[in-house]
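For reference, the structure is listed below as structure tokens.
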Amino acid sequence: MEIRCFAPGDEEAVVRLWEDCGLTRPWNDPRKDIARKLGEHPELFLVGTVDGVLMASIMIGYEGHRGWINYLAVAPAFRKQSIGRRLMQEAEQRLTALGCPKLSLMVRSSNAGVVAFYEALGYRQDDVVALGKRLIEDGPAAA
Ligand SMILES: CC(C)(COP(=O)(O)OP(=O)(O)OC[C@H]1O[C@@H](n2cnc3c(N)ncnc32)[C@H](O)[C@@H]1OP(=O)(O)O)[C@@H](O)C(=O)NCCC(=O)NCCS
């Protein structure tokens, strides 16, 4: 797998990947999410390709206090080959190089099975309650 920065021509393949991986929701417009990311640390939006075919993604963020991960996705046909692990290692290296002291991430409660993946990579559940407030509506409100 080659890891490189997202390029404008990747949008359709990335949206299809996220749909195939169950990461899209009606209230998050993936194209708007991509456009917003291209305005904030676009160099931290990475994709993975095999023989030119886009099959993985990771959106990394840093706001000066914590690093964040969103849209980590490995196409179903490429799973359990340590690709998710490699993408997370890449994120950790890039965030460490920026001086980021800690990486945080959120897992939807409907996707709790993926917690075992993060635990295998050394992540532990923090004693926090995650809260959110929508500021811009992209679609129908979350149920
Ligand atoms: C989560 C995801 C990125 C993992 O990618 P992957 O390439 O299959 O993961 P890896 O092969 O690198 O796995 C790394 C370790 O986690 C374990 N693991 C991976 N998926 C797992 C799962 N669903 N349940 C339990 N353990 C899992 C692997 O066994 C491996 O452990 P090992 O190295 O000790 O053998 C992939 O399943 C995916 O894209 N899922 C759908 C999207 C998603 O849920 N993203 C995360 C949103 S928070």
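Read-outs: derived from the displayed coordinates by stated rules, not from any lab. Predicted, not measured: the structure shown is a model, and the values here were computed from it. Cβ coordinates were reconstructed from backbone atoms using ideal geometry, including for glycine residues, and neighbour counts include every protein chain displayed.
Couple of notes before you dig in:
- Averaging Cα coordinates gives a centre for region 1-22 and one for region 93-114; these two points are 19 Å apart.
- Around residue 60: net Lys/Arg minus Asp/Glu count, Cβ-Cβ under 13 Å: -2
- The protection proxy used here, the mean number of other Cβ atoms lying within 10 Å of each residue, ranks peptides 3-9, 14-20 as follows, highest first: 14-20, 3-9.
- Within the listed set 131, 46, 72, the residue fluctuating most in the Gaussian network model of the chain (springs between alpha-carbon atoms under 10 angstrom) is 131.
- Calculated FRET value between residue 12 and residue 136, using beta carbons and R₀ = 30 Å, to 0.05: 0.85
- Residue with peak Gaussian network fluctuation, the chain [Cα springs, cutoff 10 Å], from 71, 123, 62: 123
- Proximal charge balance of residue 123 [Cβ under 12 Å; K/R count +1, D/E count -1]: 0
- Taking the chain as a Gaussian network of alpha-carbon nodes connected by springs under 10 Å, the highest mean-square fluctuation of the residues 30, 42, 101 belongs to 101.
- Over region 1-137, the pair-distance histogram of Cα-Cα distances with 5 Å bins from zero comes to 2, 9, 19, 24, 23, 17, 6, 1, 0 percent, rounded to whole numbers.
- For region 2-120, relative contact order (Cα pairs under 8 Å, six or more residues apart, normalised by length) works out to 22 percent.
- Kyte-Doolittle mean at least 1.0, axial Cα span of 15 Å or more - DSSP H helices of the chain: none
- Each other residue within a Cβ distance under 14 Å of residue 85 adds +1 if Lys or Arg and -1 if Asp or Glu, for a net charge of 0.
- Mean projection area, nm², convex hull over Cα of region 59-126: 4.8 nm²
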